[in-house]
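Written out below as structure tokens is the structure these notes cover.
Rule-based calculations on the coordinates, nothing more; no lab input. In this text, all values refer to a predicted model and were calculated from it rather than measured experimentally. A quick note on method: Cβ atoms are made from the backbone with ideal geometry, for glycine too, and the neighbour counts reach across all protein chains shown.
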Amino acid sequence: MEIFLASANLDEIKKAYSLPIAGVLTNSSIIKKEEMKLTELVKGIDEIGNLPFGLQIVATEEHQMMEETRLFHSMLHHRVLHLKIPYCPDAFKIIPNLQHTNMVLNLTGVSSLAQACIALESGIDYLSIYIGRVTNAGGDGVRLLKNIKQFADYNRKPTRILAASIRNIDHLEEVALAGADAVAIPYPLLLESMESEVTQQSITGFKKDWQAIDMG
Ligand code: G3P
């Protein structure tokens, strides 16, 4: 299961760079929080290393969607660009034109199996399922992901099913067991995923015992 960092914070990206992450994914809300120019963000990421990076289109009309795509591509042509495309009818107009480029296409904001059934026919690279937002709206985000993954597998669709809008460790573990091909998680959750009191106590105990050994 690929792990993407959902962040536009340069400090977090720098710290996560040495971890086995597949890339960094953002959206306008994530970037806005950082209060920095997009060009500065891209420059900062370039200085960190060569990670795949995701930007999200906000337009929902074909012409504007293509304009935003061209802008993102011109800013990030030197690295793998994950183009996040909002789920809307015009998304299916631009996808065929972008499929033979060097961009990775990610249709995002999926919140129902019906949406996924249509989207999987487009041959999109990634489908992002909004676990937390679906659950907050009274649905069951994890079950939705499980159903979409099962449907995609039954129908031999190559699209990778990405769990986005992950709120906590339970979500993360549940989508992992549900067969998610990828997840996008914020930095604090990435850190929390690696923590365990049992592991920590074991490390402390082994260190202590090592110090008590007579090295001869
Ligand atoms: O792409 C962002 C998506 O993951 C939404 O996440 O946490 O704002 O619901 P969140």
Pairs of alpha carbons in the chain whose separation is greater than 24 Å (percent): 46
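Cross-link list 33/93; 15/157; 84/149; 37/84: which exceed 28 angstrom alpha carbon to alpha carbon?
On the way: 33/93 31 Å; 15/157 35 Å; 84/149 19 Å; 37/84 19 Å.
As for pairs spanning more than 28 Å Cα to Cα, those are 33/93; 15/157.
Let me have the relative contact order for the range 65-200, percent, based on Cα pairs under 8 Å that are six or more residues apart. Present the calculation step by step, with values, prior to reporting the outcome.
Working: 189 pairs, mean separation 23.4, N = 136.
Relative CO of the range 65-200 lands at 17 percent.
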Cα centroid of the range 84-155 to Cα centroid of the range 8-54, whole Å: 23
Positive-end residue of 107, 198, 13, charge dipole of the range 2-211 with Cβ unit charges: 107
Mean Cα-pair separation over length for the range 9-132, i.e. relative contact order, pairs under 8 Å, 6 or more apart, %: 19
Helix-derived mean residue ellipticity, 222 nm - over the chain, DSSP H n ≥ 4, -39500 (n - 2.57), to 500: -14000 deg cm²/dmol
